[in-house]
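> Below you'll find the structure I mean.
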Amino acid sequence: MTVEISNFSFTLLPEKALYKTDERLLIIADVHLGKATHFRKEGISIPAQAQQEDYVNLEILFKKITPLKVYFLGDLFHSKMNTDWYFFCNLIEQFPEIEFTLIKGNHDLIDDAKFDELCIKVVDAIEDTVFIYSHKPLPEESNHKVNIAGHIHPGIVLTGIGRQSVKLPCFYRTDTLVIVPAFGTLTGLYSMDRAAASAIYAVLPDCVRRVV
């Protein structure tokens with residue numbers, strides 16, 4: 001699904017990512033790599049291969065979209081360095097033509113120098129003439145630009161006949177904010193306030209549809 005945000009064209013992808021057409025910029029939030037390994041180290045029983053799908057999904061997405069730039073909107077890794085780092089290195093090294101930037105989130109504890117070794121730039125936020133890209137949504141009064149952020153893991157509950165309901169990831173939009181859904185497979189969903197939104201787009205397996 002393609003939408004206009006401040007007169008710029010963006011594609012809302014069913015892969016739970018956002019694509020800014022004019023810059024060939026792919027925007028991904030909250031992958032939380034290494035989460036399964038982190039939990040296993042803490043004694044929480046999670047299958048060793050529980051998160052391998054994330055690496056496959058990233059590789060497929062990069063090949064499908066062929067972006068020039070990728071912004072990770074924070075929480076790329078769930079916690080400290082673990083063996084998942086080497087899977088990530090193998091992934092990034094397959095795409096030397098892409099310029100990667102990590103906008104640090106509250107879970108990003110790995111030393112910036114390790115990302116520098118992979119030619120991944122690490123910043124606190126990115127601001128241009130129209131947009132501010134950050135991990136957490138910024139206070140509305142702090143800027144007069146559109147804030148594109150992650151962190152929340154937005155979800156929307158849809159109900160049907162017979163009191164059936166399903167909670168789906170979503171893109172959440174107000175006049176000054178776009179919240180990108182969490183990319184990772186091991187992430188929960190936070191139910192968003194419909195009344196405060198100017199638009200909500202539910203992510204289905206093969207498409208994105210506006211529901212508010």
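The values are calculated or read from the model by the stated rules, or taken from the named source; none is laboratory data. All of these numbers come straight from a predicted model, not from anything done at the bench. So basically every Cβ, Gly included, is an ideal-geometry build from the backbone, and we count neighbours across all protein chains shown. For accessibility, only protein heavy atoms count, side chains too; no ligands or nucleic acids. Shrake-Rupley method; radii C 1.70, N 1.55, O 1.52, S 1.80 Å.
> Would you mind calculating the gained length between SER198 and GLN94 on full extension (0.36 nm times residue separation, minus the Cα-Cα distance), in nm to one decimal? If you can, show how the numbers build up before the last one.
On the way: separation 104, 0.36 × 104 = 37.44 nm, distance 3.86 nm.
Between SER198 and GLN94, full extension yields an extra 33.6 nm.
> Sticking with this one: Among LEU73, HIS107, GLY155, which residue has its Cα positioned farthest towards the positive end of the charge dipole of the chain, with +1 placed on the Cβ of Lys and Arg, -1 on the Cβ of Asp and Glu, and the dipole taken about the Cα centre?
Ranked along the dipole, the leading option is GLY155.
> Could I ask something else about it? So which of LYS63/LYS121; LYS69/LYS121; LYS80/LYS114; LYS16/LYS64; LYS20/LYS145; LYS69/LYS136 end up more than 18 Å apart by C-alpha?
From the list (LYS63/LYS121; LYS69/LYS121; LYS80/LYS114; LYS16/LYS64; LYS20/LYS145; LYS69/LYS136), the Cα-Cα distance tops 18 Å for LYS63/LYS121; LYS69/LYS136.
> If you don't mind, there's one more thing I want to ask. Indicate, rounded to the nearest 5 percent, the antiparallel portion of the DSSP beta bridges found entirely in the chain.
55
> FRET efficiency for LEU158 and SER9, Cβ-Cβ distance as r, R0 = 30 Å, nearest 0.05?
0.65
> Set the Förster radius R0 to 35 Å, insert the Cβ-Cβ distance between GLU53 and HIS144 as r into 1/(1 + (r/R0)^6), and round the FRET efficiency to 0.05.
0.35
> Now for a separate question. Applying the Karplus parametrisation 6.51 cos²θ - 1.76 cosθ + 1.60 with θ = phi - 60° to the phi angles of the range 123-134, what ³J(HN,Hα) value in whole Hz is obtained for each residue in order, glycine and proline being reported as x?
With the stated coefficients, the range 123-134 comes to 9, 8, 6, 10, 10, 10, 6, 10, 10, 10, 9, 8 Hz.
> Along Cα→Cβ, 7 Å out, is where each label goes; now give me the distance between the ones at VAL212 and ALA125 in nm to one decimal.
My value for the distance between the label points is 2.3 nm.
> Quick check: net charge around LYS114, other residues with Cβ under 14 Å of its Cβ, Lys/Arg +1 and Asp/Glu -1?
Charge balance in the 14 Å sphere: -4.
> To continue, here is another question. What's the magnitude of the charge dipole for the range 121-181 around its Cα centre, counting Lys and Arg as +1 and Asp and Glu as -1 at the beta-carbon? Answer in Debye, nearest 20.
That gives a dipole near 400 debye.
> Among SER9, LEU186, ILE60, whose Cα lies farthest out toward the positive end of the dipole of the chain, if unit charges sit on the beta carbon of Lys, Arg (+1) and Asp, Glu (-1)?
Positive-end residue among those listed: LEU186.
> I've got another one for you. Please give, to one decimal in nm, the separation of the simple spin-label points placed at LYS63 and TYR190, each 7 Å out from Cα toward the Cβ.
Between LYS63 and TYR190, the simple spin-label model gives 3.4 nm.
> Further question on the same structure: Arrange the residues CYS119, CYS207 by how much accessible surface each exposes, largest first, with a 1.4 angstrom probe.
Result of the area sort, largest leading: CYS119, CYS207.
> Can you give the calculated 222 nm mean residue ellipticity of the chain, where each DSSP H run of n ≥ 4 adds -39,500 (n - 2.57) and the sum is split over every residue, rounded to the nearest 500 deg cm²/dmol? Present the calculation step by step, with values, prior to reporting the outcome.
Details: 4 runs with 36 residues, N = 212.
Mean residue ellipticity, 222 nm, calculated: -5000 deg cm²/dmol.
> Okay, next question. Taking the Cα centre of the chain as origin, work out the dipole magnitude from +1 charges on Lys and Arg Cβ and -1 charges on Asp and Glu Cβ, in debye rounded to 20.
Working: 21 positive and 27 negative charges, 167 e Å.
Charge dipole of the chain: 800 debye, to the nearest 20.
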